[in-house]
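Have a look at the structure below before the remarks.
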Amino acid sequence: GYAEFMFQQLQQMELNDGKNAMADPQNHPSSVPPFVPFHGFVVKTFIEPDGKKLFVNICHHDDTMQRPLDARGQDVAGLSTHFDDLRIPVLISKLRTCVDGSQVKSSAVDIVVNSWCIEMCNRKDFPDFKPRFVVTALGWI
């Protein structure tokens with residue numbers, strides 16, 4: 001069910017530099033193999049100026065996505081309290097049409113990051129991380 005749905009959605013995904021990351025390996029070789037990310041959380045917002053709902057699905061995967069890098073370009077080995085210094089690798093899908101729970105036409109986009117980002121968003125001892133991450137993620141789309 002859900003894994004199949006996510007795989008279909010992620011077949012449309014692109015690297016944040018615009019290169020096709022989920023291309024058909026037989027016709028278009030890709031540097032990112034097909035994978036099924038894990039659900040993190042959903043940000044519900046609106047697209048201006050028409051007010052259409054936008055669902056931003058924040059997903060994670062360790063084997064495909066590199067852990068963020070710090071200001072020195074080093075892998076963050078543990079906790080990082082310096083959000084501004086992080087360089088976070090992401091995969092971002094194309095915007096697609098969907099319907100919400102009330103069957104209202106909406107839009108959705110998937111963002112995949114390393115699981116470290118989701119772990120940091122869920123930590124109670126770093127309450128500023130998740131809001132800053134969400135604002136940054138919204139800027140990616």
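The values are calculated or read from the model by the stated rules, or taken from the named source; none is laboratory data. Since this is a predicted model, take the numbers as computed values, not measurements. Side chains included, ligands, DNA and RNA excluded: accessible areas come from the protein's heavy atoms. Shrake-Rupley method; radii C 1.70, N 1.55, O 1.52, S 1.80 Å.
Data for the structure
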| item | result |
| --- | --- |
| All positions within the stretch 62-96 that are at pLDDT 90 or above and open to solvent by less than 20 Å² (accessible area, probe 1.4 Å) | Pro68, Val90, Leu91, Ser93 |
| Residue among Ser107, Ser102, Ser115 that alone is open to solvent by less than 20 Å² (accessible area, probe 1.4 Å) and farther than 19 Å from Arg67 by Cα | Ser107 |
